[in-house]
Each structure stands twice: as C-alpha cells, then as structure tokens.
Amino acid sequence: MNTEHHHRHRTPGTALAAALTALLIAATGCSSKADGGSTSDDADAGGVKSGPGVSAKTIRLGALTDLTGPYATLGKSIVQAQQMWADETNADGGICGRKVEIVVKDHGYDVQKAVTAYADIAPDVVALPQVIGSPVVAALLDDIERDHLLTFPQAWAASLLGKDSIQVLGTTYDVDMIAAVDFLTRTKGLAQGDTVGHVYFEGDYGANALEGSTWAAKKAGLNIVGQKIKATDTDLSAQVTALKKAGAKAILISAGPAQTASLVGVAASRGLRVPVVSNAPGFAPQLMKTPAAPALEAMLHVVSAAPAVSSDIPGVEHMVTAYEKKYPGSQVDSGVLSGYNAAHLLGAGLEKACAAGSLAREDVVEAHRSQKNADTGLGTPQDFSDVSRPASLSTYVLKPDGKATGGLVGVEDAHRAPGVEEYLKTRS
C-alpha cells in the first residue's frame with residue numbers, strides 16, 4: 001500500500017493508502033526504547049567518524065509506523081520485512097563492523113503521537129528506513145531536514161521531493177497516472193474525445209495523482225471528470241452514478257483498497273463495466289477475499305513503481321521464500337516488498353558512508369545522494385542524485401489474481417510512459 005504515496009505533501013492528506021479499515025487486521029507491535037547511541041563525532045579505532053545513532057558496536061535506525069490504526073496491516077508487513085533485512089545483515093557481519101538495530105515506534109496514524117515519537121527517538125538514530133503516512137511526514141519535514149536524518153517515507157506524493165534528507169523511493173503518484181492513461185489508450189481502445197473518470201482522495205495523494213492524469217489526458221485528447229472523495233467515503237455509489245451519466249469509458253482511482261473495491265463492485269453491478277486503473281495504495285490482497293473479487297479480476301489494473309510480489313524476479317522470489325519461513329501465516333503483500341527494498345537501499349547508503357569514512361548523519365545523506373544507479377534486484381534501479389526528481393520514472397502494470405502471492409500478477413514490465421520527461425519539465 002502506499003501513502004499519498006509517497007511523494008509530496010503539503011496538505012495533510014490521508015492517503016497512505018493501505019487502507020481497508022474493515023478488512024484490515026490489527027497488528028500488535030513492539031516499541032523498543034532507544035537506549036543510548038553515541039553522539040560523539042569522534043572517529044573510532046577503525047577511523048570511521050560516528051554520530052547520533054552510531055556506537056562502536058551498533059547502528060541504530062528508527063521506524064515511525066502504524067501498527068494500531070488504519071494502516072496496521074501495512075505497518076506490520078513493513079516492520080517485519082525490515083527486521084528480516086536487519087537479521088540477515090547482522091548474520092552476514094553487519095554494516096561497518098556494527099550490528100544494526102531498528103527502534104520501532106507505533107503512532108497509530110496519529111500525527112501528534114508521531115511528532116512525540118520522533119522527538120523521542122531522533123536523538124538516538126542515524127536514519128529512518130520507514131515513516132508511514134503523508135500527514136506524518138508533512139508534520140516532520142522541517143525537523144527531519146534540520147536533523148539531517150535520512151528518511152524513507154512510505155508515501156509517494158511529488159510534494160515530498162526537493163528535500164535532501166527525504167527520499168521518496170520509486171515513482172510518484174503523478175508519474176504512475178501518466179502511465180495509467182498511456183496503458184488505457186494503448187490497450188483499451190480509448191480514443192480522442194472520450195471521457196475518463198478519476199476518483200481521488202482529497203489531500204496530497206489524490207491531488208498529485210490528478211495532476212498526472214489531467215496532463216496525460218490533455219495530451220491524448222481525453223476528458224477527465226474528477227470525483228473527489230474523503231478517506232471515510234467507503235460507498236462510491238454516487239460517484240459511479242455520476243461517471244455513468246458522464247459517459248465514462250474508463251475510470252482511474254487514487255484512494256484506498258476499500259474505495260477501489262466499492263467502485264469496481266458497484267460499477268460492475270450497475271452495468272458500467274469499463275476498465276479501472278488504480279494507484280498502488282488502492283489495492284490490498286485482502287480484497288480478493290471479498291465479494292468484489294470477481295469484478296476486480298475482470299476490470300482492474302494497478303500501476304506501481306514496484307513489481308508484483310508474485311514476480312519471478314530472483315530477488316523477489318528469495319524475499320518471499322525467506323519471509324514466509326520467518327513469519328509463517330503472515331500475508332505477503334506490497335508492504336513486504338516496499339519495506340524490504342527500502343531497508344536494502346538504506347543499507348547500501350550506510351555502506352557507502354562507511355567506505356567514505358563517516359557515519360555522521362550529514363555524511364550518510366551525502367553518501368545516499370551520490371548513488372545514481374542503486375539496484376537491489378527487487379525492481380527498477382533508482383537515481384538518488386537529483387532531489388527534485390523521482391528516483392525512478394518506470395511503472396509496472398499489474399492486475400488482481402486471487403491465486404497469486406500478494407493477490408497481483410504482472411501485466412507489463414517496468415517502463416517509462418511517453419511524455420513523462422516532458423511532464424516533469426512542466427513541474428520544474
């Protein structure tokens with residue numbers, strides 16, 4: 001799932017999108033207290049400069065997650081996947097001769113709790129491989145920049161770009177929606193003058209997605225009819241009625257899984273059997289256990305920076321096998337891949353910083369930003385060198401499959417949709 005996905009924030013938008021309140025299983029989470037961590041800037045015996053969160057024996061990382069709120073399922077997946085990475089890393093000798101520890105704080109998707117949790121752990125960690133929630137990241141932007149704390153949000157709004165210490169991983173919502181419009185025009189027979197609906201969450205996630213769809217539709221000669229909704233809107237009958245009346249030939253949705261299920265289920269039952277394309281945060285594998293499953297398999301596609309967890313990419317297959325062994329009974333979903341990939345990328349930045357002789361926070365940020373082709377083997381390579389651009393411009397197209405691990409299978413491999421570079425120039 002995603003958050004506003006991920007990238008830009010300004011308005012505290014609700015979107016982290018793992019949503020599904022009714023279907024999500026609450027997870028219990030552990031919260032460990034940060035106990036110490038060197039704050040010295042002295043070089044250790046190996047000649048590596050340290051700083052907050054780094055001692056002679058440990059590198060401490062922080063996670064601000066949701067284990068008790070609307071994204072509890074997502075939070076649990078990310079926390080477990082990142083702990084698996086830490087355990088694997090430590091078994092392999094750690095990073096820079098140090099064991100990795102992850103301090104987990106549950107904010108329950110409450111911004112004030114998150115601000116308090118950040119103040120609690122920030123003095124004692126060197127980086128944050130996970131922060132769930134666009135509203136949360138928005139509230140912490142200035143603090144994170146001031147503290148030079150390398151942070152990977154689980155959110156993808158373009159409003160999060162442009163900050164040295166904040167790294168949106170993969171594409172942003174607008175880039176994926178440009179790919180969605182391209183997919184519809186290439187494969188679903190949309191023609192100039194056709195109307196496409198776009199149902200979207202208020203806030204940064206939906207607004208950023210709408211920017212992309214509006215731009216791409218104009219280029220293709222299509223008309224976008226927007227339907228703004230709240231995260232609390234889980235019956236989309238009125239929106240389906242409006243889009244049917246408008247003659248929509250296809251529908252885009254940038255919301256949560258509960259909204260996607262309602263939209264597709266209602267549209268199918270009312271005879272509006274048109275193609276639907278969702279941003280990644282709008283799907284969760286739990287949907288395939290609901291009455292909407294047949295309609296989702298028939299009508300829905302998902303655009304995502306990440307491949308399906310059912311992919312035959314060797315790194316993804318290894319991750320799924322290891323995760324199922326370590327956490328038997330846990331759902332393998334997009335959060336597992338997102339969390340594991342983020343942890344690997346953070347580890348690579350820490351290794352680079354170590355090789356350059358300093359694990360001080362500013363130097364970790366600089367080492368991270370020096371990477372132009374970071375490739376974990378879990379999807380597309382990432383370019384972290386330009387803070388104003390998404391780390392990747394390549395989008396996968398996926399579709400629901402109730403028999404597949406994670407509930408999705410690949411339809412099109414990662415590719416850059418035509419016009420994306422041109423679009424980014426209009427944003428800069």
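The values are calculated or read from the model by the stated rules, or taken from the named source; none is laboratory data. All figures in this text were calculated on a predicted structure; none of them were measured in a lab. Note that we place each Cβ from the backbone using ideal geometry, even for glycine, and neighbour counts take in every protein chain shown.
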- Query: Consider residue 144 against the criteria (1) hydrophobic (A, V, I, L, M, F, W, C); (2) touching a residue at least 40 places away in the same chain (Cβ under 8 Å); (3) farther than 17 Å from residue 391 by Cα: it satisfies all of them except one. Which criterion is unmet?
  - Reply: (2)
- Task: Check residue 227 against each of (1) modelled with pLDDT of 95 or more; (2) buried (at least 24 other Cβ atoms within 10 Å of the Cβ); (3) under 12 Å from residue 254 (Cβ atoms) and name the one condition it does not meet.
- Result: (2)
- Query: Could you list, in sequence order, the residues of segment 294-342 that are of a type in the set (D, E, K, R) and outside any helix (DSSP H, G or I)?
  - Reply: 312, 333
- Task: Search segment 192-214 for residues being surrounded by fewer than 24 Cβ atoms within 10 Å (Cβ to Cβ) and of a type in the set (S, T, N, Q), and hand back the single one that is nearest to residue 240 (Cα to Cα).
- Result: 195
- Message: Can you tell me which of (1) free of Cβ contacts under 8 Å to residues at least 60 places away in the same chain; (2) buried (at least 23 other Cβ atoms within 10 Å of the Cβ); (3) in contact with a strand residue (DSSP E or B) (Cβ under 6 Å, 6 or more places away or on another chain) is the one residue 72 doesn't meet?
- Response: (3)
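Taking residue 113, is it in a helix (DSSP H, G or I), closer than 17 Å to residue 135 by Cβ, of a type in the set (D, E, K, R) and modelled with pLDDT of 95 or more?
yes
Just wondering, is there one or more residues in segment 406-418 that are closer than 30 Å to residue 93 by Cα and assigned to a loop (DSSP other than H, G, I, E, B)? Don't jump to the end; show me each part of the working.
Looking only at segment 406-418, we keep the residues that are closer than 30 Å to residue 93 by Cα, and these are none.
The answer is no, given that none of the residues of segment 406-418 is closer than 30 Å to residue 93 by Cα and assigned to a loop (DSSP other than H, G, I, E, B).
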- Note on the structure: Cβ pairs under 9 Å, 6+ apart or interchain, first in segment 413-425 and aliphatic (A, V, I, L, M), second in a strand (DSSP E or B) and surrounded by 13 or more Cβ atoms within 10 Å (Cβ to Cβ), ordered by first then second residue, are 414/395; 414/396; 417/395; 420/395
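Please pick out the residue among 119, 56, 138, 86 that is among the hydrophobic types (A, V, I, L, M, F, W, C), out of contact with any Gly (no Cβ under 6 Å at 6 or more places or on another chain), in a helix (DSSP H, G or I) and farther than 28 Å from residue 171 by Cβ. Full working, then the answer.
On the way: 56 fails: in a helix (DSSP H, G or I); 138 fails: farther than 28 Å from residue 171 by Cβ; 86 fails: farther than 28 Å from residue 171 by Cβ.
Matching residue, one of 119, 56, 138, 86: 119.
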- Note on the structure: Residue count, segment 87-136, condition closer than 25 Å to residue 326 by Cβ, crowded, with 24+ Cβ neighbours inside 10 Å and of a type in the set (S, T, N, Q), comes to 1
